[in-house]
Amino acid sequence: MDIGEIVNDAIRYPSSDWKKVIILGVLMIASVVILPIFLVMGYGFRALKASIAGFDELPEFDEWGEMFVDGLKVFVVQIAYMIVPLIIIFAGTFGSLTMVSPDTGVITNPTAFTGLGGTVIIGVILAIILGLIETIAIAHMAYNDSELGAAFRFSEILDVISQIGWLDYIIWYIVVGLIAAVIAFVAGLLNAIPIIGTIIAVLIIYPYIQLFWNRALALRYAYE
């Protein structure tokens, strides 16, 4: 399946049941004030899992405990993959700030400042690389019936990416990411409209983006 087919399918996927999209939007709102975000993440993961299994309909909102646990697993995987680059970026950024005089704004140690800036760049590059691996790792966990350990079977995950092709995978990542960013930009514009715009953005557009992304990921993974 080429990138065009994946995108076309993923764009149509959420519109198969707007009621479920809105329910996911309600969960997103509830996550801010009442419920943990894990239910939202869990439903997105359920859509990913169902799509990999070959289902074209949005999954049901049931077995809430399982959905919560799946969302927690996704969160754990994301943290595990990103903790090291985030520490490196934070350390480099914080260290760079200490090189600047609070009184004059002058860099007190240019050599150290440059070195710390390089550390931040290394952290960002590492985050990009691990982010690419993490995305397939989550799909691999979905493929293996939500088994957390499957997200850390690096040889299997790298083999999946190799079968997709690193170039094709990166192109997919950029294209799908840009589409999601454009949709998010539209949501941002709607937020400028008092009440009604925000409601539309939160109840429809943001959950749409999550479902679009997970469907596109499932198709990329399943048709490696």
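The values are calculated or read from the model by the stated rules, or taken from the named source; none is laboratory data. Keep in mind the model is a prediction, meaning the values are calculated, not measured. Methodologically, a virtual Cβ is constructed for each residue, glycine included, from the backbone with ideal geometry; neighbour enumeration extends over all protein chains shown. Note: accessible area is taken over every heavy atom of the protein model, side chains too, but ligands, DNA and RNA are not part of it. Shrake-Rupley method; radii C 1.70, N 1.55, O 1.52, S 1.80 Å.
Let me have the relative contact order for segment 135-217, percent, based on Cα pairs under 8 Å that are six or more residues apart. If you can, show how the numbers build up before the last one.
On the way: 45 pairs, mean separation 20.2, N = 83.
RCO, segment 135-217: 24 percent.
Report, in debye and to the nearest 20, how large the dipole of segment 1-86 comes out about its Cα centre when Lys and Arg carry +1 and Asp and Glu carry -1 on their Cβ. Display every interim value, and only then the final one.
Values: 6 positive and 11 negative charges, 67 e Å.
Value, rounded to 20: 320 debye.
For the chain, find the longest principal axis of its Cα atoms and tell me its angle to the long axis of helix 3-12, 0 to 90°, nearest 10.
Result, in degrees: 60.
Let me have the 222 nm mean residue ellipticity of the chain computed from DSSP H runs of 4+ only, each contributing -39500 (n - 2.57), with the sum over all residues rounded to the nearest 500.
Helices in the chain give a 222 nm mean residue ellipticity of -25500 deg cm²/dmol.
Please build a GNM for the chain, connecting alpha carbons under 10 Å apart, and tell me which residue among G131, G197, G25 fluctuates the most.
Most flexible of the set in this elastic network: G197.
How far, in degrees from 0 to 90, does helix 206-222 lean away from the longest principal axis of the Cα atoms of the chain, to the nearest 10?
80 degrees
When averaged across all projection directions, what area in nm² does the alpha-carbon convex hull of the chain cover?
The directionally averaged projection comes out at 15.0 nm².
For the chain, set up a GNM with springs between Cα atoms under 10 Å and report which of F38, F68, F154 has the largest fluctuation.
Among F38, F68, F154, the largest GNM mean-square fluctuation belongs to F154.
Residue by residue through segment 62-74, which ³J(HN,Hα) values in whole Hz follow from phi under the Karplus form 6.51 cos²θ - 1.76 cosθ + 1.60 (θ = phi - 60°), with glycine and proline marked x?
Each residue's phi maps through the Karplus curve to give 8, 6, 4, x, 5, 5, 5, 5, 4, x, 5, 5, 4 Hz.
Could you give the length gained on full extension between A91 and V182, defined as 0.36 nm per residue of separation minus the Cα-Cα distance, in nm?
Working: separation 91, 0.36 × 91 = 32.76 nm, distance 3.17 nm.
Gain on extension, A91 to V182, equals 29.6 nm.
Relative to the longest principal Cα axis of the chain, at what angle does helix 166-191 sit, 0 to 90 degrees, rounded to 10?
Taking the Cα atoms of the chain, the angle to 166-191 is about 90 degrees.
Averaged per residue, what accessible surface does segment 169-215 expose to a 1.4 Å probe, in Å²?
I get 50 Å² per residue for segment 169-215.
Of the candidates L132, L27, L189, which one comes out as most mobile in a Gaussian network treatment of the chain with C-alpha springs shorter than 10 Å?
L189
Just to confirm, what accessible area per residue do you get for segment 1-82 at 1.4 Å probe, in whole Å²?
Details: 4050 Å² over 82 residues.
The answer is 49 Å² per residue.
Give the shape of segment 148-203 as rounded, prolate or oblate, defined through the alpha-carbon gyration tensor: a ≥ b ≥ c are the square roots of its eigenvalues, a/c under 1.5 means rounded, and otherwise the shape is prolate if a/b is larger than b/c and oblate if not.
Oblate.
Report, to the nearest whole %, how much of the accessible area of the chain belongs to carbon and sulfur atoms, 1.4 Å probe, protein only.
Using a 1.4 Å probe with all protein chains present, the chain comes out at 73 percent carbon and sulfur.
In percent, how large is the relative contact order of the chain, given Cα pairs closer than 8 Å and 6 or more residues apart?
Across the chain, relative contact order equals 31 percent.
Work out how much length I23 to F61 would gain on full extension: take 0.36 nm times their residue separation and subtract the Cα-Cα distance, in nm to one decimal. Before the final figure, lay out the partial values.
Details: separation 38, 0.36 × 38 = 13.68 nm, distance 0.86 nm.
In short, 12.8 nm is gained.
Among rounded, prolate and oblate, which fits segment 110-224 when a ≥ b ≥ c are the square roots of the eigenvalues of its C-alpha gyration tensor, a/c under 1.5 means rounded, and a/b larger than b/c means prolate?
Numbers: a/c = 2.26, a/b = 1.16, b/c = 1.95.
Oblate is the answer for segment 110-224, as a/c is 1.5 or above yet b/c matches or exceeds a/b.
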